[in-house]
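One structure below.
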Amino acid sequence: MTAQPTGFCYCGCGKEIGYGRYFAAGHDKTAEAAFLAIHHDASVAQMLHAHGYRPVHDRDAEGSVTKEAVDKGIWEECPRDCGYRGTRESINNHVNRYHREK
């Protein structure tokens, strides 16, 4: 089942928010930090480990969370083949910042 906006902040603060929103401004990070503290010892590394991801020597090896995001079509690779991975918007920002023609 998919989460639905209810008109109240999902972090649990009780704040009423606008239609179609899940969080009051900045409260998504509050909820994320609380979730990590409760379920993963406040560690992103522990959360990734719990889901089967791990550090890899080869970025294309099984266990790479960024490789899986690309493989599922959620993220993309930098078209300049520098190794950067991210959302389409993130790739555009990255290319404009680091690969702009001088």
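Heavy-atom accessible surface of the chain, averaged per residue, reaches 79 Å², computed with a 1.4 Å probe. The HN-Hα couplings worked out from phi for the stretch 79-85 by the Karplus form 6.51 cos²θ - 1.76 cosθ + 1.60 (θ = phi - 60°) are x, 8, 6, 8, x, 6, 10 Hz, whole numbers, x standing for Gly and Pro.
Solvent exposure of D71, expressed as accessible area, is near 100 Å², computed with a probe of 1.4 Å over the protein chains only. Here the Karplus relation 6.51 cos²θ - 1.76 cosθ + 1.60, evaluated at θ = phi - 60°, turns the backbone of the stretch 36-47 into coupling constants of 4, 5, 6, 9, 9, 6, 6, 10, 5, 4, 5, 5 Hz, with x for every Gly and Pro. A quarter of the convex hull surface defined by the alpha-carbon atoms of the stretch 1-51 gives 4.1 nm² as the mean projection. The residue list A3, N92, A61 was ranked by how far each Cα lies along the charge dipole of the chain toward its positive end, using unit charges on Cβ atoms, and N92 comes out on top. Heavy-atom accessible surface of T2, to the nearest 10 Å², is about 100 Å², with a 1.4 Å probe and all protein chains retained. Calculated [222 nm] ellipticity per residue, helices only, for the chain: -11000 deg cm²/dmol; basis is -39500 (n - 2.57) per DSSP H run with n ≥ 4, divided by all residues, nearest 500. Distant-in-sequence amide contacts of F8, defined by a placed amide H-H separation under 5 Å and a gap of 5 or more residues or a different chain, comprise I17.
Roll a 1.4 angstrom probe over the protein heavy atoms and tell me the percent of accessible area of the chain that is carbon or sulfur. Of the solvent-accessible surface of the chain, carbon and sulfur hold 52 percent. Helix 88-98 and the long axis of the chain differ in direction by around 50°, with both axes built from C-alpha atoms. Shape analysis of the stretch 35-99 yields a ratio of the Cα radius of gyration to the Kirkwood radius, Rg/Rh, of 1.05.
Counting only protein heavy atoms and using a 1.4 Å probe, the accessible area of E76 comes to about 60 Å². Stretching the chain fully between D81 and N93 yields a gain of 2.8 nm (0.36 nm per residue, less the alpha carbon separation).
The values are calculated or read from the model by the stated rules, or taken from the named source; none is laboratory data. Please read these numbers as outputs of a predicted model, since none were measured by experiment. When we count neighbours, we look across all protein chains shown, and the Cβ atoms used for this are built from the backbone with ideal geometry, even at glycine. Side chains included, ligands, DNA and RNA excluded: accessible areas come from the protein's heavy atoms. Shrake-Rupley method; radii C 1.70, N 1.55, O 1.52, S 1.80 Å.
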